[in-house]
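> First the structure, which I've put down as C-alpha cells, then a few questions once you've had a look.
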Amino acid sequence: MRKLRRAAKGSVALVGALVAGAALAGAPAASGEVAAPPTVSWGQCGPEVSVPADSASKYSCATYRVPIDHDNAALGTIDLTLLRRAADKPKEKIGSLFLNPGGPGGPGRDLPLAAEHIFEPAVLDRFDIVGFDPRGVGESNPLRCFTTTEDASEVHARMVPVPRTRQEISDALSTYRDYGDFCARNAGSLLQHMSTEDVARDLDLLRGAVGDATLNYVGFSYGTMLGAVYTNLFPGKVRTMVLDGNVDPALRTSNGLRYDRERAQGFEAALDAFLTRCAESRPRCAFGDGDPRRKLDELAASLRDKPVTLPDGTRIDFGSFVSGVGGALYAPAAFPGLAEDLQELYGVVRPPEGSGPKTVRAGDLDTLLDPVANVRHDVRPDSAYTSDDSYFAVNCADKRFRHDSGRLPEIAAEWERESPLFGRYQAFADPAACPLWTGGTESYRGPWNKPTENPVLVIGNYYDPATRYEYAKRMADELGFARLMSVNAFGHCILGDAGSVDRAVADYLVNLTVPPAEKVYQPDKQPFAAE
C-alpha cells in the first residue's frame with residue numbers, strides 16, 4: 001500500500017549455520033521441552049529512523065533473530081528489524097498491535113511512525129504499535145539477486161511495462177529468465193524460504209517475544225494474506241485481526257492466473273467508476289467535459305500507436321500512461337490531479353478543431369508522471385546494488401501458475417480484450433515471471449476456515465482497484481469466523497480515511513465489540529465533492 005509504505009534500505013548480516021542451532025528462538029531445550037523464545041530487547045533507534053523529536057521517548061527499536069527455515073536449524077538465521085511506539089497509557093495496556101503494510105515487499109518497520117494518522121486515540125492508548133520489516137525486505141536481510149546496479153540495469157533494460165510486439169514479448173520473457181538466473185546465483189538459501197507461511201511463522205515468534213499470549217494484528221493489502229495465513233496456522237493465538245484491502249487467499253494460492261486476470265478486471269472497474277464519477281462531477285472534474293470514457297479510450301489508443309514526446313524531452317508511452325493511471329487510482333486524493341493531467345494530455349493528442357496541439361510540459365502532469373519508488377529497481381547508477389527482490393520471491397512462492405510461458409502472447413491478448421487498459425499490463429507481471437522463477441514454491445494453501453475466538457474484521461472498499469471488493473467478500477466467506485465491513489469508497493484500503501470505520505475498528509481492538517452486519521460505511525470525503 002503506497003501511502004503507508006516507509007522505504008527502508010540496508011542489510012543485516014546473515015548468521016552462519018555453525019552458530020545457528022543454539023540461537024534459534026524456540027529451539028529444543030536439553031530436557032526435550034521447547035524453550036520459551038527469547039524476548040525482544042528494545043533500545044534507542046539509530047539515526048536512520050526519523051523518530052519525531054517531540055515524542056522520541058515513545059519509540060524504540062530492536063532486531064530479532066529467526067531461523068531461515070523453521071524446520072531446519074542448520075540453514076542458519078536472519079535478523080528482523082522492529083520499531084515500537086509505546087502505548088500512551090502503559091498501565092492500561094492490552095498488548096502489542098502488529099502491522100504489515102503489504103506489497104509483498106513493503107518495509108513495515110517504520111509504519112508505527114504513521115500510527116496517529118491511522119488509528120483512533122483509544123488504540124494508541126492501549127497498545128504498543130509494532131512494525132517490522134518482513135524477512136528479505138528493507139533492513140531484515142534484504143533478498144538481493146544482483147551484486148551491482150550495473151547487472152540489474154543490464155537485465156531490466158530490455159523490459160517495457162506493456163510488451164506488444166513479438167520482440168518486446170521475447171525480451172520480457174528473457175528478462176525474467178535472466179532475473180531468475182541471477183537470483184539462483186546470488187540470493188542464497190533465503191530465496192527458498194520467502195513464502196507468506198515463512199513470514200507468518202516469524203510473526204508468531206515475534207508475538208511470543210513481546211510477551212503476548214495472543215496476537216493483535218492489522219494488515220493492509222498483501223498484509224491481509226499474511227493475516228489469513230496466520231489465522232489458519234495459529235487459530236488459537238488470535239485475539240483481534242483487522243484486514244484492510246483484501247486478497248482472495250484461496251484463489252491466490254490455487255490459481256494465480258485467474259487471480260491476476262480478476263485483478264486486472266478490478267483495476268478496470270475502478271477506472272470505470274472514476275470516469276463515471278468524473279462525468280457526474282462537472283465542472284469540478286477537469287476531464288468531465290464531453291464523454292470521459294470515450295476521451296480516455298481515444299487517449300489510450302493514440303498512445304498505443306505513437307508515444308508523446310513533451311517539449312522538455314519527456315516521453316509518455318502506453319506503458320507509462322497505464323502505470324500512472326493505475327497508481328493514481330490507489331488514492332482518491334489524487335483524482336482531481338489525475339483528471340487535470342488527462343485533460344492536458346488529451347489536448348495534445350486530440351487538439352480542438354482549428355487549433356494546433358497543446359503545449360504541455362512534464363511539470364503539468366505531476367500525477368501521471370511523478371515516479372513512485374520501486375524498491376526492487378530504483379537505485380542510483382554506478383552504486384552498489386542496494387535494492388531487494390522480495391516481490392517475486394513472495395508472490396511466486398504463494399501463487400500457483402500452471403501455464404507455459406509460450407502462452408503469454410495469447411493470454412495477454414485475451415486479457416487485453418476484456419480489460420483494455422490493464423489486461424496486458426497485468427499479464428506481463430507475475431504470470432510472465434513466476435513460471436521462470438527459481439525460488440521456493442512451497443507455501444500454505446489452506447484450509448482457510450479454521451475458527452478463531454473472535455471474528456476477523458474484513459474491510460473492503462467498493463471501488464478498490466488493487467484488491468477488488470469481491471475479494472473482501474470472498475475473504476470473509478473463506479475464513480472460519482469473520483465480519484465484513486463494506487465501505488462506499490474509492491481507493492486502496494481505507495483505515496485513516498473514514499472516521500466511522502476507524503471508530504468501529506478501535507472499539508473492536510480495545511473492547512472486542514463486533515461491528516453490525518450489513519452496514520455500509522462512508523469515507524470522510526468522496527472524490528470531487530463540493531467544498
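The values are calculated or read from the model by the stated rules, or taken from the named source; none is laboratory data. These numbers were taken from a predicted model, which means no experiment stands behind them. Quick reminder, even Gly has a Cβ in these numbers, built from the backbone with ideal geometry, and neighbours come from all protein chains shown. To get the accessible areas, we keep the full protein, side chains included, count just its heavy atoms, and leave off ligands, DNA and RNA. Shrake-Rupley method; radii C 1.70, N 1.55, O 1.52, S 1.80 Å.
> Do me a favour and compute the ellipsoid semi-axes for the chain from its Cα gyration tensor, root of five times each eigenvalue, largest one first, whole Å. Before the final figure, lay out each step's value.
Numbers: eigenvalues 292, 159, 92 Å².
Semi-axes, largest first: 38, 28, 22 Å.
> Moving on to the next point. Which value, in debye to the nearest 20, describes the size of the charge dipole of the chain about its Cα centre when Lys and Arg Cβ atoms bear +1, Asp and Glu Cβ atoms bear -1, and nothing else is charged?
The dipole of the chain has a size of about 520 debye.
> Two decimals, Cα atoms only, Kirkwood Rh: what is Rg/Rh over region 69-184? Please report the intermediate quantities before stating the final value.
On the way: Rg = 20.4 Å, Rh = 17.5 Å.
For region 69-184, the value is 1.17.
> Given the Cα atoms of region 272-359, and with Rh set as the inverse mean 1/r over their pairs in the Kirkwood sense, what is Rg to Rh to two decimals?
0.95
> How far apart, in nm, are the 7 Å Cα→Cβ label points at ALA413 and THR147?
4.3
> Which GluC sites (Glu not before Pro) in region 380-449 pass both tests, a DSSP loop state and at most 15 other beta-carbon atoms within 10 Å?
In loop regions of region 380-449 (DSSP not H, G, I, E or B), the sparsely surrounded GluC sites (Glu not before Pro) are GLU442.
> Further question on the same structure: Report the extension gain between GLU353 and GLN526 in nm, rounded to one decimal, defined as 0.36 nm multiplied by the number of residues separating them, less their alpha carbon distance.
On the way: separation 173, 0.36 × 173 = 62.28 nm, distance 3.45 nm.
Extending this stretch completely gives an extra 58.8 nm.
> Please compute the per residue accessible area over the chain with all protein chains in place, 1.4 Å probe, rounded to a whole number of Å².
For the chain, the solvent-accessible area averages 40 Å² per residue.
> Can I ask one more? Considering only protein heavy atoms and a probe of 1.4 Å, how much of the accessible area of the chain is carbon and sulfur, as a whole percent?
48
> May I pose another question? Anything over 27 Å Cα to Cα? Flag those among LYS295/LYS473; LYS89/LYS237; LYS295/LYS399; LYS399/LYS519; LYS237/LYS473; LYS450/LYS473, in the order listed.
Distance filter (> 27 Å) returns LYS295/LYS473; LYS295/LYS399; LYS399/LYS519.
> Something else about it: Which of PHE234, THR81, MET159 sits closest to the plus end of the dipole of the chain, meaning its Cα is farthest towards the positive end, when Lys and Arg get +1 and Asp and Glu get -1 on the C-beta?
Of the options given, the answer is PHE234.
> Which value in nm describes the separation of the simple spin-label points at ASP317 and ALA273, placed 7 Å from the Cα toward the beta carbon?
Simple spin-label model gives 3.2 nm for this pair.
> With N denoting the number of residues in region 474-531, provide Rg(C-alpha) divided by 2.2 N^0.38 Å, to two decimal places. Walk me through the intermediate numbers first.
Details: Rg = 12.8 Å, N = 58, 2.2 N^0.38 = 10.3 Å.
The reported ratio for this selection is 1.24.
> Using the Cα centre of the chain as origin and beta-carbon charges of +1 (Lys, Arg) and -1 (Asp, Glu), tell me which of ALA328, ALA213, TRP415 is placed farthest towards the positive end of the dipole.
Looking along the dipole axis, the top candidate is ALA213.
> Under a crude label model (7 Å from the Cα following the beta-carbon direction), how far is GLU116 from LYS519 in nanometres?
2.8
> Taking R0 as 51 Å, what's the FRET efficiency between SER189 and ALA213 from their Cβ-Cβ distance, rounded to 0.05?
Efficiency at R0 = 51 Å is approximately 0.95.
> Using +1 on the beta carbon of Lys and Arg, -1 on that of Asp and Glu, and nothing else charged, what's the dipole of region 175-325 about the Cα centre, debye to 20? Before the final figure, lay out the partial values.
On the way: 19 positive and 21 negative charges, 24 e Å.
Using Cβ point charges on Lys, Arg, Asp and Glu, region 175-325 gives about 120 debye.
> Treating only the Cα positions of region 215-333 as identical point scatterers, give the base-10 log of I(q)/I(0) from the Debye formula at each q in 0.15, 0.22 Å⁻¹.
Result of the Debye calculation: -0.86, -1.24.
> Could you work out [θ]222 nm for the chain from helices alone, using -39500 (n - 2.57) per DSSP H run of at least four and dividing by all its residues? Round to the nearest 500 deg cm²/dmol.
So the helix-based figure for the chain works out to -11000 deg cm²/dmol.
> Can you tell me which lysines have their Cα less than 17 Å from the Cα of LYS91? Leave out same-chain residues fewer than eight positions away.
Of all the lysines, those that pass the test against LYS91 - Cα under 17 Å, at least 8 places apart if same chain - are LYS58.
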